[in-house]
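The values are calculated or read from the model by the stated rules, or taken from the named source; none is laboratory data. As the structure is a computational prediction, the values presented were derived from the model and not from experiment. With ideal geometry, Cβ positions are generated from the backbone for all residues, glycine too; neighbour counts draw on all protein chains shown.
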Amino acid sequence: MAEIEKEVIGDKAVTVFKVKGKMLFDQVIDEITQFYEKGLTQNTVWDFTGADGGHITSDEIQKIAFHAKGFGHLRENGKTAFVISSSLAYGLGRMYDSLAQVFNHPVRHGIFRSFDDAILWVQSTEAN
């Protein structure tokens, strides 16, 4: 099971999730649910650079995207950035972004290799 550290950054209302270790599908679903029910901010950064998500399937990525879309109206026009270091995980992140668009998710998504680039994007006022 992964360790997920959460931190809200300053007055920009950005929640950062740092995931370390073996990421489990149910754990991600629970974390999303708790965030929307108890700790909502307009923007988020999910830092997966320390995570082992190699066993997450494309079917599970689809279920995660659909689950998050169910709460999306609470963060309309918000941004979610994923920080991903491996090529395989980067591909899964792009798949998530594509699925979110298909599901008409009202939150914009970005995939980044650098934490600093992700923070700059979520804090910017530009559309994408």
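Among residues of the range 57-72 that are more than 9 Å from Ile32 (Cβ to Cβ) and touching a residue at least 40 places away in the same chain (Cβ under 8 Å), those with a Cβ under 6 angstrom from a residue that is part of a helix (DSSP H, G or I) and of a type outside the set (D, E, K, R), sequence gap 6+ or separate chain, pair up as Ala65/Tyr96; Ala65/Leu99; Ala65/Ala100. If only residues of the range 7-25 that are charged (D, E, K, R) and more than 12 Å from the chain's Cα centre (by Cα) are counted, the one that is surrounded by the fewest Cβ atoms within 10 Å (Cβ to Cβ) is Asp11.
Do you know which residues across the range 72-89 are surrounded by fewer than 17 Cβ atoms within 10 Å (Cβ to Cβ) and hydroxyl-bearing (Ser, Thr, Tyr)?
Within the range 72-89, Ser85, Ser86, Ser87 qualify.
Selection of first residues in the range 26-43 that are under 20 Å from Lys79 (Cβ atoms) and of second residues that are outside any helix (DSSP H, G or I) and of a type in the set (Lys, Arg), restricted to Cβ pairs under 9 Å at least 6 apart or on distinct chains, gives the following pairs, ordered by first then second residue: Glu31/Lys6; Phe35/Lys6; Gly39/Lys6; Gln42/Lys79; Asn43/Lys79. Filtering the range 99-112 to residues that are farther than 17 Å from Thr15 by Cα and surrounded by 14 or more Cβ atoms within 10 Å (Cβ to Cβ) leaves Leu99, Ala100, Phe103, His105, Pro106. A residue that is in a strand (DSSP E or B), within 21 Å of Ile4 (Cα to Cα), among the β-branched types (Val, Ile, Thr) and within 11 Å of the chain's Cα centre (by Cα) occurs nowhere in the range 26-38. If we scan the range 23-46, do we find a residue that is touching an Asp or Glu at 6+ places or on another chain (Cβ under 7 Å) and among the aromatic types (Phe, Trp, Tyr)? Yes, there is a match, as at least one residue in the range 23-46 is touching an Asp or Glu at 6+ places or on another chain (Cβ under 7 Å) and among the aromatic types (Phe, Trp, Tyr). Of the residues screened, Gln42 is not one that is within 23 Å of Ala89 (Cα to Cα) and either out of contact with any helix residue (DSSP H, G or I) (no Cβ under 8 Å at 6 or more places or on another chain) or polar (S, T, N, Q) (or both).
Scan the range 103-128 residue by residue and report those that are in a loop (DSSP other than H, G, I, E, B), modelled with pLDDT of 85 or more and of a type in the set (A, V, I, L, M).
Within the range 103-128, just Val107 meets the criteria.
Across the range 98-116, a minimum of one residue is classified as hydroxyl-bearing (Ser, Thr, Tyr), on the phi < 0 side of the Ramachandran plot and out of contact with any Lys or Arg (no Cβ under 9 Å at 6 or more places or on another chain). I'd like the full set of residues that are at pLDDT below 85, over 21 Å from Val16 (Cβ atoms) and either within 12 Å of the chain's Cα centre (by Cα) or in a loop (DSSP other than H, G, I, E, B) (or both), limited to the range 51-102. Correct list: Gly54, His55.
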